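Engineer: My questions will all concern the structure given below.
Every number here is computed from the coordinates shown, using simple stated rules; none is lab data. This one's a predicted model, so the numbers in the text were calculated from it and none came from an experiment. So basically every Cβ, Gly included, is an ideal-geometry build from the backbone, and we count neighbours across all protein chains shown.
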Amino acid sequence: MFLPRKLQKRTHAGRSAQSDAVSSVAQQAKRDVAQLKPSDEIAQQEATAANSSSAWTSTYATPQAESPSPTPNSKPETAKLDRLVEFLYTQLSPLVAPLTHHTDQSTPNHLFPASPQNRPPTPIHLARLLTHLPHLATRCKSIHLLSQALHILLTHNTTTAAAAAAAGNWFVLHRDAFCLEWSPRYMRVVSEVGCVDGVGLGKLLVYVEAIPARVRTRVEAAGYLNGLLMGEGEGEGEGGMVLGVMEPGVVEGWMMGGQGVGLVGSMLGGKWTSGRGFFVLDSCKHVEVLCRTYSWDLSQRPNVKPLEPIRCLSWSEWVTMRKLYHRRQKLMRPSPSDTQPQPDHTNSQPDSSLTLLPEPAHSNCYRGTILLLLPFPHLAPALLNRHLKPQLEKRVAESISYIHPFPTTNADSATTTSTIVIRTAHPILAAQLLLHFPELTRMQPDQEDSYWSTLPRKTRHSARRRVLTLSSTTTNV
C-alpha cells in the first residue's frame, strides 16, 4: 500500500543498524526452521530462541564501556565527530559554563555547577545534557555519538596529534550508565574563573608560537599544551588545565578595547588558525612555568628534553612586543607628502609605485651590491638561476636578488660578449661572495649609478627597502 512521505517511518542510523541485526537473526532462524526434520523441531526452536535472545542482548543491552566505540566508516562521519568534539570542548569549558548558565535561564543548575550548594556533584545523564545544552541537539542526534565524543575529550586519541587529553581532568564519564560527573577541580575552576574581568583574564593568558604543524585543530592544540603542563607539574600530579584556545586578533581586539567586562563566550568558538594562538590556563603559575621553560629568547631557554619548538609570552610581554612592532612600523611608514603624485606623471591610470617608500636624491645605499662575472658565454637567464645561483648561495645563503646577462661591446674588436650581472641583496653579502669566489669583480661606481638609473622605480624601491631591512637587522644583532 502506498503511503505519503510524511506518514512513512523515518529510520535512524542507530536504530536501522540494530533492526538490521535483529532481522538478520530472525531470517536465519526461519531458514533453519524450514530445513529441520519434525523430530528435531522443538530442540532447534529452543536453540534459535536462545541465539536471538543473546543477539538482542548484545545489540541493545551491552554496556558501552565493555566494547570499544565504533569508529566512523566514512570521511563525512569522521569530520562530523571532529566538529562535535571541538564544539563540546568550547561549550563545556569552565569559561563558557557560567556564561551559559547566566545568559540562558532555561539551562538547569545541575548542568554547570557554579554555586557551592551543588557540591558534591551528582551524575548528569547524557540525555539531559543533550536536551539542555544550547545548540547541541542540532549537532548530535544520539546519546551514543555524544558518549563517543566525550570519551575522545577524556582520553588520548592515537589517531590525532594531541600529546594528552584536551579535557582529561574536567569530568568522569560513566559510559555504562550514560552519565558524567564533574570533577572537583573543574568545579573549583568554574567558581574562580566565572567572574574574572579583563585584568584578571590577562594573567591567565599565554601566547604560544611555532606550534608543530601536526597540531591542526583547537582540541589537538589544547591536548598538546596540556601534555607539556603535565610534564612540568610541580608535585601535584595534575598538571595544568587548558580552558580555551583563541585567535590572537580576537584577544587583542577585546583586551585592548577598554571594555573591562567578562569574557564573551563566542570568543572561544570562533575561527582559529593553527600554528599560534592565545591559551587560557587555570592558574597564573602555569603561565610563568611555560614562559620560563619555553622562553621567547632561545638563548635563555634551559635544557628541556624532549626539545619543543614552541615559544611562549605572557600577556604583558606580548603587549610590550606589540608596541615595539608598531613603533618600528611608524618609523618605516612614509609621510603623507611623500606619497603625493609628482607633476611629471602624465599617465591617467593609477600608479602603484606612488605609494612606495620615498627615494631621497643622490641615494647611494645600493653602492657595492652589483658584482660582475666576465667573460662568460651567452646563457639564458633560466639557466643562470638554475645552476649559477645555487652555487653562489651555497656559500652565502639568500644573498642573490637577481642574475641576468648584460651584453657589452669590446672597443678593440667589434665583437659582443655577455657579462653576467649579479645583483646582491646587501654590500656585506657582496663582500662575502668576493671572498669565496675570486672570479667575481665589483662594478665601477659610475657604471653602477648608470645601471640603477635604467631600472624601474619599483625595482629600485624594493632593493632599497631590502638593504635598509638587512642593515637594521645586522645593527640589532
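Engineer: Using θ = phi - 60° and the Karplus relation 6.51 cos²θ - 1.76 cosθ + 1.60, list the HN-Hα couplings for the range 276-292 in order, rounded to whole Hz, with x at every Gly or Pro.
Structural biologist: 7, x, 9, 10, 9, 9, 7, 8, 5, 5, 5, 5, 5, 5, 5, 5, 7
Engineer: What is the distance, in nm, between label points placed 7 Å from the Cα along the Cα-to-Cβ direction at residue 397 and at residue 276?
Structural biologist: Result: 2.0 nm between the two label points.
Engineer: Taking R0 as 41 Å, what FRET efficiency do you get between residue 128 and residue 256 from their Cβ-Cβ distance, rounded to the nearest 0.05?
Structural biologist: 0.55
Engineer: Another question, if that's okay. Could you order peptides 75-81, 249-255, 85-91, 285-291 by the average number of other Cβ atoms within 10 Å of their residues, highest first?
Structural biologist: On the way: 75-81: 12.7, 249-255: 15.9, 85-91: 21.4, 285-291: 19.1.
Descending mean neighbour count gives 85-91, 285-291, 249-255, 75-81.
Engineer: Which pairs in the list 285/323; 285/330; 80/285; 323/389; 271/394; 141/285 are over 31 Å apart, alpha-carbon to alpha-carbon?
Structural biologist: Flagged as over cut-off: 285/330; 80/285; 323/389; 271/394; 141/285.
Engineer: Oh, and also: For a protection proxy built on the mean count of beta-carbon atoms within 10 angstrom, sort 397-404, 181-188 highest first, please.
Structural biologist: Result, highest mean Cβ count within 10 Å first: 181-188, 397-404.
Engineer: Quick one: work out Rg over Rh on the C-alpha atoms of the range 270-319, Rh as Kirkwood radius.
Structural biologist: Details: Rg = 11.8 Å, Rh = 12.1 Å.
Radius of gyration over Kirkwood radius for the range 270-319 works out to 0.98.
Engineer: Put a dot 7 Å past each Cα toward the Cβ at residue 137 and residue 284; how far apart are the dots in nm?
Structural biologist: Result for the modelled spin labels: 4.3 nm.
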